[in-house]
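Trainee: Once you've had a glance at the structure underneath, I'll fire off some questions.
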Amino acid sequence: MTRHVAVVGSGPSGFYAAEALLNASEDIVIDMFERLPTPYGLVRSGVAPDHLKLKQVTLVFDKIMRSERFHFLGNVSVGTDVPIDALLKAYDGVVLAYGACADRKMSIAGEGLTNSHSATEFVGWYNGHPDFRDRTFDLGQETAVVVGHGNVAADVARILLQPPDDLRRTDIAAHALDALAKSKVREVHLVGRRGPAQAKFTTRELRGLGTIPGCESVVDGNAIRLGPACEVEISEKSNLNALQNVQFFRGLCEAEGARTSRRLIFHFCLSPERLEGEAGKVDRFVFRKNSLRGGPFDQTADPTDDLLPIECGLVFGSIGYRGQPLERLPFDSRRGVVPNRKGRVESDGITVDGLYVTGWLKRGPTGIIGTNRADSIETVQQIMEDFSNREAKSPQGRTALSETIHGRSARIIGLPDWLKIDAAECAVGRRAGKPREKFTRIAEMLEVVSVA
Ligand SMILES: Cc1cc2nc3c(=O)[nH]c(=O)nc-3n(C[C@H](O)[C@H](O)[C@H](O)COP(=O)(O)OP(=O)(O)OC[C@H]3O[C@@H](n4cnc5c(N)ncnc54)[C@H](O)[C@@H]3O)c2cc1C
């Protein structure tokens, strides 16, 4: 008997869940709901434009989309256009894969000043996400501070310092490329709460920062002198990334100063204290110096009495992402995830029948694209186990939902529509020597599909 499964969200975790379900049984049919008219989640709107090779993972997702047992329903927001209860009634299983795209705030005085932004806004803007299309960033400032020592912070620093000509042949949004071409940003301070051995950059990303043309990377030699606990941490075999990161920073200290027009400066053991500025705009970022205390892998960044002001005109906070609750779904607001056991959603420790979760919404914003594959396989294992103990439902799938969905005025984007949008983006991009020129407004996308 056919089982109908709804997947909510079309990022990597949604597609990997769909793939695992399709492989698990020929009797499974999938409807994937996506709030935007375009698929791929953060692969389209998060991964940096100059990481073109990584974006080829969409070829795997395209293959899944072409399966006869798979239906894409884009431009449908679950929770707004379709209540989650309606999905639970119409499907044998509902997999929540809608990600964790809200940013964590620094929660300091002055965060609301003009020119203080979250990395999420900037990333969404340069990647052409419709939600961020109309944001503006004052790139007339010479000095920017990026708070965070993870890969997203690295992306933001790199995009700010990269010569715009190096981005011309990527899928960066045209409005962002135009603004970056006029940018006056010459110096970026990349600031982390803990030490070089605890920085979360993957070494590959870090090395990418060291090879930005025309940009010198600088680190204070004192800051990378490690204490005994840090030395133990980087000597652990399982912590190779940390060792390689520290080696990278040591290499920077030994390198001869270069004459470059742009500089990237790494700072360690600093916590955001407050932003200061005259006339409502950022002039200065004041940090509190921390000191690392505790044993290996158990060190905390304890605040000291010392403050360090950094003069700057532009700030990006990149201290993590969190999921958002949907309607009355169970939610762990502390961790920003849907509570679950191996992917089965739980409410106060009790399993919610037919409801599952995967990806960033399941485990939090960690890991690379491939991490979501194993995560989704685990969730699908629970679904298959439950299916073997439960009768299939009737009526099923989107036919049972047709009144709810088709009662909306907005057009639902199916696979043929997405292929039209895709072809149009690629055609416009080709003319500019880019892989694609993304439509950045939903109205533009809908106009393309409305043409016969
Ligand atoms: C800035 C940035 C750069 C990154 N760079 C890399 C990189 O270089 N390499 C790498 O391996 N990983 C990278 N990652 C990590 C990678 O993107 C994530 O691991 C992955 O995208 C998480 O997948 P997901 O499916 O859980 O969530 P997402 O990719 O966020 O997908 C969630 C989807 O759900 C949709 N959605 C949201 N709400 C609803 C709703 N109510 N109804 C329907 N649909 C909804 C969203 O529109 C989105 O399409 C990066 C992440 C970020 C933020």
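The values are calculated or read from the model by the stated rules, or taken from the named source; none is laboratory data. Since the model is a prediction, treat every value here as computed from it, not as a measurement. Cβ atoms come from the backbone with ideal geometry, glycine included; neighbour counts cover every protein chain shown.
Trainee: Just checking, how many residues over region 140-175 are in a helix (DSSP H, G or I), small (G, A, S) and buried (at least 24 other Cβ atoms within 10 Å of the Cβ)?
Mentor: Number satisfying all stated conditions: 3.
Trainee: Counting only residues that are more than 13 Å from the ligand (Cβ to nearest atom), small (G, A, S) and surrounded by 13 or more Cβ atoms within 10 Å (Cβ to Cβ), how many does region 376-402 have?
Mentor: First, pick out the residues of region 376-402 that are more than 13 Å from the ligand (Cβ to nearest atom): 377-378, 380-402.
So of that shortlist, the ones also small (G, A, S) come out as 388, 392, 394, 397, 400, 402.
Still in the list and also surrounded by 13 or more Cβ atoms within 10 Å (Cβ to Cβ): 397, 400.
Final tally of qualifying residues: 2.
Trainee: Follow-up. Return yes or no: is Y321 more than 8 Å from the ligand (Cβ to nearest atom), surrounded by 20 or more Cβ atoms within 10 Å (Cβ to Cβ) and either more than 15 Å from L96 (Cα to Cα) or hydroxyl-bearing (S, T, Y) (or both)?
Mentor: Judged against the criteria, Y321 is not a match.
Trainee: Looking only at region 346-390, count every residue that is within 19 Å of Y91 (Cα to Cα) and out of contact with any Gly (no Cβ under 9 Å at 6 or more places or on another chain) and tell me the total.
Mentor: 8
Trainee: Ok, one more. Could we say that R186 is at pLDDT 95 or above, charged (D, E, K, R) and out of contact with any Gly (no Cβ under 9 Å at 6 or more places or on another chain) here?
Mentor: yes
Trainee: Out of all the residues in region 355-375, is one or more more than 29 Å from the chain's Cα centre (by Cα), hydrophobic (A, V, I, L, M, F, W, C) and surrounded by fewer than 16 Cβ atoms within 10 Å (Cβ to Cβ)?
Mentor: Taking every residue of region 355-375 in turn, none turns out to be more than 29 Å from the chain's Cα centre (by Cα), hydrophobic (A, V, I, L, M, F, W, C) and surrounded by fewer than 16 Cβ atoms within 10 Å (Cβ to Cβ).
Trainee: While we're on this one: Answer yes or no as to whether V185 is over 22 Å from K55 (Cβ atoms), crowded, with 24+ Cβ neighbours inside 10 Å and either without any contact (Cβ under 8 Å) to a residue 40 or more places away in the chain or among the hydrophobic types (A, V, I, L, M, F, W, C) (or both).
Mentor: no
Trainee: Answer with yes or no whether G110 is crowded, with 18+ Cβ neighbours inside 10 Å, within 15 Å of the ligand (Cβ to nearest atom) and of a type outside the set (S, T, Y). Talk me through it step by step, then tell me what you get.
Mentor: Working: crowded, with 18+ Cβ neighbours inside 10 Å: yes; within 15 Å of the ligand (Cβ to nearest atom): no; of a type outside the set (S, T, Y): yes.
Here the answer is no, as G110 does not meet what is asked.
Trainee: Are any of the residues in region 399-406 in a loop (DSSP other than H, G, I, E, B) and free of Cβ contacts under 8 Å to residues at least 12 places away in the same chain?
Mentor: no
Trainee: Read through the list (1) within 24 Å of V5 (Cβ to Cβ); (2) in contact (Cβ under 8 Å) with a residue 60 or more places away in the chain; (3) of a type in the set (S, T, N, Q), then give the number of the only condition that T440 fails.
Mentor: (1)
Trainee: Considering region 272-304 alone, what residues qualify as being polar (S, T, N, Q) and surrounded by 19 or more Cβ atoms within 10 Å (Cβ to Cβ)?
Mentor: Taking region 272-304 and keeping what is polar (S, T, N, Q), we get 290-291, 299-300, 304.
Answer for region 272-304, where residues must be polar (S, T, N, Q) and surrounded by 19 or more Cβ atoms within 10 Å (Cβ to Cβ): N290, Q299.
Trainee: Looking at D85, is it over 30 Å from D165 (Cβ atoms) and assigned by TED's automatic domain parsing to the domain that holds G14?
Mentor: yes
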